[in-house]
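The values are calculated or read from the model by the stated rules, or taken from the named source; none is laboratory data. Bear in mind the structure is a predicted one, so any value in this text is a computation, not a measurement. Quick reminder, even Gly has a Cβ in these numbers, built from the backbone with ideal geometry, and neighbours come from all protein chains shown. SASA here: full protein model, heavy atoms, side chains in, ligands and nucleic acids out. Shrake-Rupley method; radii C 1.70, N 1.55, O 1.52, S 1.80 Å.
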Amino acid sequence: MQQLRLSGTGGQGLILGGIILAEAALMDGKNAIQSQSYGPEARGGSSKSEVLISDKVIRYPKITVPNVVLAMSQEACKKYTVDLPEEGILITDSLFVEKLPEKKYSKVYELPITHTAQEELGKALFANIIALGAIAKITGVVTVESLTKAVLSKVPKGTEAINEKALQLGMDMVK
């Protein structure tokens, strides 16, 4: 079972990101559960979206031990990586996460997610979609086809092309 935590600050689109990831998993014929929480501040406070994806029945709807943590802010990196095991995957947004946890992880990806959104697409609001592309490439947890369909079903009409480009940018930034 894959247990993914997308974390950052309110307003970064991580709740939507989790919903899209879960929907893509369902399109791939897997079981998925998505949950979310955010601080009382909503915009600007800590937020997280958790997604469980499995080929088998999911018996408990919460993350017990995450395999993957996406941290899109320094506070989220500090707060939401405490239970990530050493063999887990940590993905950070290098624009906002300057200091990694002291714990060493087997795979750490420091990616210019928001910077790429601003430079290549003109707006930071595409960072969540870029992050999904990176997660898909790193983990293989969902197919690119399903992820693309799920993204296109959730984004505002007229933004499909730029969101597809955002997904591709995310995949391309992973070596």
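Quick check on this structure: which one of Ala127, Ala76 is in contact (Cβ under 8 Å) with a residue 40 or more places away in the chain, crowded, with 20+ Cβ neighbours inside 10 Å and touching a strand residue (DSSP E or B) at 6+ places or on another chain (Cβ under 6 Å)?
Answer to the selection: Ala76.
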Have a look at Val65, Val57, Val82 and point out the one that is open to solvent by 50 Å² or more (accessible area, probe 1.4 Å), touching a residue at least 60 places away in the same chain (Cβ under 8 Å), among the β-branched types (Val, Ile, Thr) and in a loop (DSSP other than H, G, I, E, B). Val65
Lys175 at pLDDT below 95 and open to solvent by 60 Å² or more (accessible area, probe 1.4 Å): yes
Only listed residue being open to solvent by less than 50 Å² (accessible area, probe 1.4 Å) and modelled with pLDDT of 95 or more, chosen from Gly122, Gly133: Gly133
Report yes if Leu70 is closer than 21 Å to Val174 by Cβ, at pLDDT 95 or above and part of a loop (DSSP other than H, G, I, E, B), otherwise no. no
Pull up the stretch 1-29, narrow it to residues that are assigned to a loop (DSSP other than H, G, I, E, B) and open to solvent by 50 Å² or more (accessible area, probe 1.4 Å), then point me to the one that is modelled with the highest pLDDT. Gly29
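How many of the residues in the stretch 46-97 are acidic (Asp, Glu) and closer than 21 Å to Ala22 by Cα?
Qualifying residue count, the stretch 46-97: 2.
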Residues in the stretch 142-172 that are open to solvent by 20 Å² or more (accessible area, probe 1.4 Å) and not polar (S, T, N, Q) total 16
